[in-house]
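Presented below is the structure to which this report refers.
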Amino acid sequence: MGSYAYDYLNDSLLLDDSLINSVYSGVSDAVLEKELSKYREYCLNVLPEIRNSIKSQDTVRCLATDTMSHLSQLKQASLYLEEAVIADPIFELTDFRTHATEVLTSFIGMPPTSKIDRQKLAKAAVKLIELRPLVAGRYVKLYPVSFELERPKEVPLIYSGVGFEDCLPPKILEQYKLSADVRSIHNDNGRMLVMHDLYPCRNISIHFEGMENGFAMGYILSPTKVESTNDIYTFICKKSSLQPSKAEFDAWVNQSINQTARNHFINLNKRIALSEYLCCMFSTEHPFESNLLNMNIGIKDIHSNTLNCTLQMDVPFLEQVSSEDLMSIRNNDGEAFQSFRAELEKGLREARHESDPLRIKAIIEDTQHELLEVQMRQIAPQVKHIRNTHLTEASIAVAGLGLSVVTSGASLLMVGLAGLNALKSRNDYKSKVTANPCHFLWKVKQKMK
């Protein structure tokens, strides 16, 4: 079921090249919304099959989200990973904003916008098309990851008498507070402008250093009145242009940091739980999350350490190799692929025991030089020698055929000897060249465009 998306979308207007190029010009929002809703329904119907097709204990796979799901990163990870589980880019756009969100945006003065972001939809469609060769090569598996992370449609009301200071274990909450980047937001006629600094106001944005382009939340400080009728409580929020007092503002900012930390921690744990459920390694490109996860972790396991180091290696020629060729070599020469993976683990395993970034970088660079420079250089002379030997043996076969005019017995003998020598050449190639653990990478490099 890794190709479930293509089974449904190949005949859909969402993957129509001309519509993608025109950003779906001429197609109404209503039609696009209906198409996305139908796709969402289809995905949720086949979700049990998708899950079962991915789960396996004997495959080295990783849940690749964010930048790791980019084509260049996926190609580099394919030097080690057997499978990469990628968030379905189209499915992410099927979760339309709720009525509560529309009310909130209207309250703060933002102009109404379409539920369909055509630019995002076109980019998602292009990405899905780019992934097709990797899915066909049984390396990439698509999964509606965003479904597992969706928030409830109804906005929950939560209260803490201590400003949510007890929402997380103290050491973890401390890391969030030390990394919190809080900035004031200026409402410019509905345009919410995030400022460079923090000053007393009624709109703030919070993200954590090391989570750039990652998790962030915004908050509004509004005077609120509570009314109750027959056990039904109504919260009435009002706009205010009055600047809050310093004590009120500081308490609100601190509480907002704690709530953001709580929400991010819940999101992070959902992603980790999904990874474990799908028998995947969990990856994150955000230093903040990496540091958070490493707080109470000792030595890394071999698979996660090797993948992390492989993604930091410099393999420039991969950009010039098509996804189709890369998948063909992986699938048609599996023995060479597995040999190369084992050599990566061997060269990079020392990094598991290091905490010094400079030492880890040195280990990666040494392994990269050994594999890409030393061992790959040994392959070309071997191939040249075997080819030259094979040409010499082919000339013997021609001579044997020429002698058939004189005596058939001699020609048969010579042709037989030539056949044996050709077999020997093929065996030499297999034993000498393919024995090199970088034979897989060498074959990939030969496909450079």
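Structure summary
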{"item": "When each of Lys141/Lys346; Lys123/Lys270; Lys75/Lys120; Lys225/Lys270 is checked by Cα-Cα distance, pairs over 29 Å", "result": "Lys225/Lys270"}
{"item": "Gln446-Tyr42 pseudo-label distance in nm [points 7 Å out on the Cα-to-Cβ vector]", "result": "4.0 nm"}
{"item": "Spacing of the two label points (7 Å from each Cα toward its C-beta) at Arg51 and Lys127, in nm", "result": "2.4 nm"}
{"item": "Carbon and sulfur %, accessible surface of the stretch 22-92 computed with the full protein complex present, 1.4 Å", "result": "45 percent"}
{"item": "Percent carbon-and-sulfur accessible area, the stretch 192-339, ignoring ligands, DNA and RNA, probe 1.4 Å", "result": "52 percent"}
{"item": "Within the stretch 159-177, backbone nitrogen closer than 15 Å to the virtual label 7 Å beyond the Cα of Glu209 toward Cβ", "result": "174-177"}
{"item": "Asp301/Asn267 FRET efficiency (R0 25 Å; Cβ-Cβ; nearest 0.05)", "result": "0.60"}
{"item": "Estimated vicinal HN-Hα couplings, Hz - the stretch 242-251 in sequence order (Karplus 6.51, -1.76, 1.60; Gly, Pro = x)", "result": "6, 6, x, 5, 4, 5, 5, 5, 4, 5"}
{"item": "DSSP-assigned coil residues among chymotrypsin sites (Phe, Trp or Tyr not before Pro) in the stretch 118-183, each with at most 14 further Cβ atoms within 10 Å", "result": "Tyr159"}
{"item": "Label-to-label distance, nm, for residues given as Thr67 and Arg138 (7 Å Cα→Cβ offset)", "result": "3.2 nm"}
{"item": "Accessible area (Å², per residue) of the stretch 155-227, counting only protein heavy atoms and a probe of 1.4 Å", "result": "62 Å²"}
{"item": "Cleavage-rule hits (trypsin sites (Lys or Arg not before Pro)) in the stretch 128-198: DSSP loop, at most 11 neighbouring Cβ within 10 angstrom", "result": "Lys153"}
{"item": "Sites matching trypsin sites (Lys or Arg not before Pro) across the stretch 35-85 that sit in DSSP coil, with at most 14 neighbouring C-beta atoms within 10 Å", "result": "Lys55"}
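The values are calculated or read from the model by the stated rules, or taken from the named source; none is laboratory data. Note that the structure is a prediction, hence the values are computed from the model and not measured. Every residue, glycine among them, receives a Cβ derived from its backbone with ideal geometry; neighbour counts consider all protein chains shown. What goes into the accessible areas is simple: the full protein's heavy atoms, side chains included, and nothing from ligands, DNA or RNA. Shrake-Rupley method; radii C 1.70, N 1.55, O 1.52, S 1.80 Å.
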